[in-house]
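For reference, the structure discussed in these notes is given below.
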Amino acid sequence: LTAIQYRPIMALAKRLRAFRCQFVFLTGTLPPLLQSRFYQTILLDSPAIYRAPTFRNDLNYTIMQALTERDIEKITLFYIPCILRYPVYLSSPNSRMIVYTPTRQMADRLGASLDLPVYYSDSADTEDKEAAVEQWRSGRSKGIVATNAFGAGIDYPSVRHIVHIGPP
């Protein structure tokens, strides 16, 4: 199960079965080919499954290829400020962007260069992480640079752009 690679706590999820109550597992990232493996990991027996299409007309994908990390950073430093000047950001105070980076070091460099708050699992202390999220949520910053640690539990309805530098 891919989540175990970045969420070791998932391996402990089968312990929930000891509580003998109804469970609801929600995911937006589990491909159909891994469903049976998930059932085995969580010790599910004949679960009820509800699936909905993930295709949405309001989503667009753009892929750019760069050969070096320096090229990736140059492209990012050019495009992010351009995107943050799109009308959706200028006309809507709630519009936000998330830039995901593969490393903490890149997050720090891009955050400093773009003047955006930075978030990763072991960034400074809890107060600094909360301050970065609050700066982003409140609109003092329209964007945030983060590693995938920021993805867990983020529920903000007006995220207009998500930029993944490297594979998501």
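The values are calculated or read from the model by the stated rules, or taken from the named source; none is laboratory data. Bear in mind the structure is a predicted one, so any value in this text is a computation, not a measurement. Note that we place each Cβ from the backbone using ideal geometry, even for glycine, and neighbour counts take in every protein chain shown. Keep in mind that these areas ignore ligands, DNA and RNA; they rest on the heavy atoms of the full protein, side chains included. Shrake-Rupley method; radii C 1.70, N 1.55, O 1.52, S 1.80 Å.
Observations
- Sole residue being touching a His at 6+ places or on another chain (Cβ under 9 Å) and either modelled with pLDDT of 90 or more or under 26 Å from T27 (Cβ atoms) (or both), chosen from G111, G143, G139: G143
- Screening region 75-144 for helices (runs of 4 or more DSSP H) wholly inside it with 1 or more residues that are in contact with a strand residue (DSSP E or B) (Cβ under 8 Å, 6 or more places away or on another chain) and farther than 26 Å from I63 by Cα returns the ranges 126-138.
Residue by residue, here is whether (1) within 30 Å of I144 (Cα to Cα); (2) of a type in the set (A, V, I, L, M) holds:
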site	(1), (2)
L16	no, yes
V24	no, yes
T27	yes, no
P31	yes, no
T62	yes, no
L67	yes, yes
D71	yes, no
Y79	yes, no
I83	yes, yes
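- Residue match in region 129-136 (condition: closer than 18 Å to E73 by Cα, under 16 Å from the mean Cα position of the chain (by Cα) and in contact (Cβ under 8 Å) with a residue 12 or more places away in the chain): no
- For region 14-58, a tally of residues being assigned to a helix (DSSP H, G or I), of a type in the set (A, V, I, L, M, F, W, C) and open to solvent by 100 Å² or more (accessible area, probe 1.4 Å) returns 2.
- Members of region 85-104 found to be out of contact with any helix residue (DSSP H, G or I) (no Cβ under 8 Å at 6 or more places or on another chain) and open to solvent by less than 40 Å² (accessible area, probe 1.4 Å), listed by number: S92
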